[in-house]
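A short write-up of the structure that comes next.
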Amino acid sequence: MIRYAKEDELDSIKNIWNYCFDDEEGFVNYYFNNKYKSYNTVVAFENKKIISSLQLNNYKINLNNKTYDTSYIVGVSTFPEGRGRGFMKEIMSFSLNELYKKNHLISILMPIDFRLYEKFGYTNCYDILEYEINTNDIDNFRISGKFYEANEENINELIDIQNEFLRKNNGNIARDEYYYKNFLEEVKSENGYIYINDGEGYLVYFINNNEMFVREIYYKNIISLKSMLGFIYNHNTQINKIKITTPINDKIRFILKNPKNININLKQFMMGRVINVFEFLKSVELDNKSLNKDLRTVICVNDEFIKENNKLIEIKVEKNELFIDEIKDNTNQERVDFIDINIFSKLCFSYLDIDELIFTYNLELSKNTLEIFNILFNKKINYINEYV
């Protein structure tokens, strides 16, 4: 049986979480006190015991100049006696169809293993850079201005800094005052710190076993970036190594004195999926490109788990206006371009453009479809940094 959790099943959900994830007690307490909602938790039962579960955490995501309600799937977990028996498939299938009923157009997911979720239509849509730096390799940076630990009184500063830092990035979570109140608690629960540099930048970091992990380093200008690297270096008696995660358009690598000594890895980070193909296409706005001609095509997205997506969709661009309609009857047997939901999701999240998808997946699409997709979707730099 698959259903939403009940209020009195909290302890059972915590038990399966603790079995499957190696989280500190402080973080687990934070999550279930602040993030967990029974009405967003899907559970599978066997012999009156919860055997598998996941959460559908609600966020708003800024994608392609629009804001969408989305569910971030987290905590996908199954007790060992249920593994390999299809419980994960059942709760994922149930959840995808529930998101469709809620009219969520997209969803995101951070995978432990990408292969587990590709079969459910999710695909990588976000990359990050990960720097591995020896502390002595940033000994040339010095602090500028004052640093102070962030608290709730500084939330507007945090919002202002992140808005400026992410203005050229796509696909990020909309962070408001409520978000940052929770974020301050989340970082504290993991014994982390958030420090602000004169309202011009901030960094989120954790110290463990002589290493500093910098989860976020956001800045308005190069002076603040250099100052925060100086702030990190001033921990040189505590730490030997530094790990920093950033968007792929970050500027740290351009100012390191000896980048040859630094390991910089590009990592695939977050998966995305279109939940409602028809409504998502209807939500797309043209960017007022002038066209010399009108265009029309018919597509069909292959989706194994949300059957409502497997419909013929007519896309027309006429006089710089976009028209999306469902085709009920294809008695004329006109050409239909078929595209899998995974590939379509990469396009809709602006992770890859249509030319890259054609090359990578050896797609055969009509000229009109290619032209229309080129008009509707432009490749952007996606970035997201939410963990739960």
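Read the figures in this text as sums done on the coordinates, not as results from a lab. Just so it is clear, the structure is predicted and the values come from calculations on it, not from any experiment. Reconstructed Cβ throughout: ideal geometry from the backbone, glycine too, with neighbour counts over all protein chains shown.
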Fill in the blank from the handout: The ³J(HN,Hα) series, computed from each phi in the stretch 271-287 with the Karplus coefficients 6.51, -1.76 and 1.60 at θ = phi - 60°, rounded to the nearest Hz and given as x for glycine or proline, is 9, x, 7, 7, 8, 10, 4, 4, 5, 5, 4, 5, 7, 5, 10, 6, 9
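Let's test the formula: R0 of 30 Å, r as the Cβ-Cβ distance of residue 130 and residue 49. What FRET efficiency results, to the nearest 0.05? The partial results should precede the final answer.
Details: r = 39 Å, r/R0 = 1.30.
Given R0 = 30 Å and the Cβ-Cβ separation, E is 0.15.
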Completion exercise
Expressed in angstrom and ordered largest first, the alpha-carbon extents of the stretch 2-109 along the principal axes are 45, 32, 24
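Mind putting a number on the dipole of the stretch 129-269 about its Cα centre? Charges go on the C-beta only, +1 for Lys and Arg and -1 for Asp and Glu, and I need it in Debye to the nearest 20. Write out the running numbers ahead of the final one.
Values: 17 positive and 20 negative charges, 147 e Å.
Charge dipole of the stretch 129-269: 700 debye, to the nearest 20.
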Handout entry: Relative contact order (percent, whole number), the chain, Cα cutoff 8 Å, 6+ residue spacing
Key = 18 percent
Exercise for the section: Output the relative contact order of the stretch 91-194, whole-number percent, from Cα pairs under 8 angstrom with separation of 6+ residues. Expected result: 21 percent
Completion exercise
For the stretch 129-269, the Cα-Cα pair-distance distribution in 10 Å bins from 0, as whole percents, is 11, 44, 37, 7, 0
Completion exercise
On each of the three principal axes the extent of the alpha-carbon atoms of the chain, given in whole Å and largest first, is 75, 62, 38
Exercise for the section: Please work out the FRET efficiency for the pair residue 153 and residue 34, using the Cβ-Cβ distance as r and a Förster radius of 22 Å; give the result to the nearest 0.05. Expected result: 0.65
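Per-residue counts of other Cβ atoms within 10 Å, averaged by peptide: what ranking do you get for 71-78, 38-45, highest first?
Values: 71-78: 22.0, 38-45: 18.4.
Ranked from most to least packed, the peptides come out as 71-78, 38-45.
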Problem - Principal-axis tilt of helix 87-101 within the chain, Cα atoms, nearest 10 degrees - result: 70 degrees
Practice task
On a 0 to 90° scale, report how tilted helix 25-34 is relative to the longest principal axis of the chain, with both axes built from alpha carbons and the result rounded to the nearest 10.
Solution key: 50 degrees
Fill in the blank from the handout: Rounded to one decimal in nm, the spacing of the 7 Å Cα→Cβ label points at residue 302 and residue 11 is 4.8 nm
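Calculate, in whole percent, how much of the Cα-Cα pair population of the stretch 312-383 lies beyond 18 Å.
Numbers: 1099 of 2556 pairs.
Considering the stretch 312-383, 43 percent of its Cα-Cα pairs are separated by more than 18 Å.
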Practice task
Post the alpha-carbon centroid distance, the stretch 236-259 to the stretch 173-218, in whole angstrom.
Solution key: 16 Å
Fill in the blank from the handout: Measuring from its Cα centre, the stretch 197-263 shows a charge dipole (+1 at each Lys and Arg Cβ, -1 at each Asp and Glu Cβ) which, in debye to the nearest 20, is 300 debye
Exercise for the section: Quick one: which residues, 5 or more positions from residue 262 or on another chain, have an amide H under 5 Å from its amide H? H modelled 1.01 Å from N in the peptide plane, none for Pro or chain starts. Expected result: none
Exercise for the section: Could you tell me how many degrees, from 0 to 90 and to the nearest 10, lie between the Cα long axis of helix 10-20 and the main elongation axis, the longest principal axis, of the Cα atoms of the chain? Expected result: 80 degrees
Exercise for the section: Please give, to one decimal in nm, the separation of the simple spin-label points placed at residue 181 and residue 240, each 7 Å out from Cα toward the Cβ. Expected result: 4.3 nm
Exercise for the section: List the residues of the stretch 29-60 whose backbone N lies under 12 Å from a point placed 7 Å from the Cα of residue 4 along the Cα-to-Cβ direction. Expected result: 37-43, 56
Practice task
Take every DSSP beta bridge whose two residues both sit in the chain, then give the antiparallel share in percent to the nearest 5.
Solution key: 85 percent
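Kindly state, to the nearest 0.05, the FRET efficiency for residue 21 paired with residue 164, given R0 = 45 Å and r defined as their beta-carbon distance. Don't skip to the end; give the middle numbers.
Details: r = 34 Å, r/R0 = 0.76.
With R0 = 45 Å, the Cβ-Cβ based efficiency is 0.85.
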Problem - residue 378 paired with residue 198, simple spin-label distance in nm, labels 7 Å along Cα-to-beta-carbon - result: 3.4 nm
